[in-house]
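*Asks:* Just passing along the structure, written as structure tokens.
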Amino acid sequence: MNAIEPSSKTQLFTHFARVAKALASPVRLELIEALAQGEHSVDELARAVGVPMANASHHLQVLRDGGLVHSRRDGVQVIYSLSDETEITQVVAGIRHIAEAQLAEVDRIVREAFTSRDTVTPMDPREVVKLARRGEVTVIDVRPRDEFRAGHIKGAINVPLAELGQYLADLPRDREIVAYCRGPYCVLSFEAVEELRRHGLRARRLEAGYPEWKAARLPVARAPR
């Protein structure tokens, strides 16, 4: 038993490292963020992260080999999804938290590119749940419509950032508006809040995005097709 145990442990750690290696790419982390919004075809993912289709396909193969994504065929298209949305979202969040806490360069980028844009404290997801149930806030999802249809915070209104100007007259002025998008580093919610405040509405960002909300097992819904 003792002679076998180190070998088995080494084999296991080799496979664990295989999963970690699949995560070790900024493009693959962006693909995971895109897939955390819902399943997508290869061409949709390539557009989402701004790489050629062949490049996206290669990275998706690495993610699949690492057990992080699944694929299925829909006619001529290959559709990808995360193998475990909650676990993978939590792992990526853990990496993010370590980097923010331990890497000075990450801390600097977050402060200069994100924190400095909005000094108002973002809203905690569980607090948003309570306030929304009491009708004290309006939650808007500023992601594109296809991402909203794939899954969104229950009760949220889809107001894509590009169309925000068309909705300004309809948004309530008697309560605060909470905007969210793809994740903590998604600029869509920052830009939406800036625009809402310019037009005199009270607005704040959600502390995280849809994937983190879903991973916390808070109420979600899907739009009917």
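*Asks:* Just the number, please: carbon plus sulfur as a percent of the accessible area of segment 1-107, 1.4 Å probe, no ligands or DNA/RNA counted.
*Replies:* Carbon with sulfur: 59 percent of the solvent-accessible area.
*Asks:* Considering only C-alpha atoms, what is the centroid distance from segment 1-72 to segment 158-200, in Å?
*Replies:* 33
*Asks:* Report the charge-dipole magnitude of segment 72-225 in Debye, nearest 20, computed about the Cα centre from +1 at each Lys and Arg Cβ and -1 at each Asp and Glu Cβ.
*Replies:* Dipole magnitude for segment 72-225 comes out near 500 debye.
*Asks:* From the backbone phi of segment 57-69, what are the Karplus-calculated ³J(HN,Hα) couplings (6.51 cos²θ - 1.76 cosθ + 1.60, θ = phi - 60°) in whole Hz, Gly and Pro given as x?
*Replies:* In residue order, the calculated couplings are 4, 4, 5, 5, 5, 4, 5, 5, 4, x, x, 8, 9 Hz.
*Asks:* Still on this structure: Keeping all protein chains in place, calculate the accessible area per residue for the chain (probe 1.4 angstrom), answer in Å².
*Replies:* So the chain comes to 57 Å² accessible per residue, rounded to a whole number.
*Asks:* Between 82, 35, 196, which gets the highest mean-square fluctuation from a Gaussian network model of the chain, Cα cutoff 10 Å?
*Replies:* Comparing 82, 35, 196 in a Gaussian network model of the chain, the most mobile one is 196.
*Asks:* Follow-up question, since we're still on this one. Tell me, what ³J(HN,Hα) does each residue in segment 139-154 have, in order and in whole Hz, if you take phi through Karplus 6.51 cos²θ - 1.76 cosθ + 1.60 with θ = phi - 60° and put x for Gly and Pro?
*Replies:* 9, 10, 9, 9, 6, x, 4, 5, 6, 4, 4, 5, x, 7, 5, 4
*Asks:* Restricting to Cα pairs below 8 Å that are 6+ residues apart, what does the relative contact order work out to for segment 1-66? Please round to a whole percent.
*Replies:* 36 percent.
*Asks:* With axes computed from alpha carbons, what is the tilt in degrees of helix 187-198 against the longest principal axis of the chain, rounded to the nearest 10 within 0 to 90?
*Replies:* Computed tilt is about 10 degrees.
*Asks:* Is the shape of segment 127-207 best called rounded, prolate or oblate, per the rule: a/c under 1.5 gives rounded, else a/b larger than b/c gives prolate, else oblate, with a ≥ b ≥ c the square roots of the Cα gyration tensor eigenvalues?
*Replies:* rounded
*Asks:* Suppose we keep just the DSSP beta bridges with both residues in the chain; what percent of those would be antiparallel, to 5?
*Replies:* Within the chain, antiparallel bridges account for around 50 percent of the total.
*Asks:* Distance in nm between label sites at residue 173 and residue 87, each 7 Å beyond Cα in the beta-carbon direction?
*Replies:* Simple spin-label model gives 5.1 nm for this pair.
*Asks:* What residue among 80, 185, 167 shows peak mean-square fluctuation when the chain is described by a Gaussian network model with Cα springs under 10 Å?
*Replies:* 167
*Asks:* If you don't mind, another one. Can you list the residues, at least 5 places off or on another chain, whose amide H is less than 5 Å from the amide H of residue 138, using H built in the peptide plane?
*Replies:* 176, 177, 178
*Asks:* Further question: With +1 on each Lys and Arg Cβ and -1 on each Asp and Glu Cβ, how big is the dipole of segment 1-110 about its Cα centre, in debye rounded to the nearest 20?
*Replies:* The calculation lands at about 320 debye.
*Asks:* With every atom except the alpha carbons ignored, what do you get for Rg and Dmax of segment 8-136, in angstroms?
*Replies:* Calculated on Cα positions, Rg and Dmax stand at 17.8, 55 Å.
*Asks:* Then there is this: With springs connecting C-alpha atoms under 10 Å apart, model the chain as a Gaussian network and identify which of 86, 119, 138 has the largest mean-square fluctuation.
*Replies:* 119
*Asks:* Based on C-alpha coordinates, I'd like the Rg and Dmax of the chain, in Å.
*Replies:* When restricted to the Cα atoms of the chain, Rg and Dmax are 19.6, 73 Å.
The values are calculated or read from the model by the stated rules, or taken from the named source; none is laboratory data. These figures come from a predicted structure and were not determined experimentally. A quick note on method: Cβ atoms are made from the backbone with ideal geometry, for glycine too, and the neighbour counts reach across all protein chains shown. Protein only, heavy atoms only, side chains kept; ligands, DNA and RNA dropped before computing areas. Shrake-Rupley method; radii C 1.70, N 1.55, O 1.52, S 1.80 Å.
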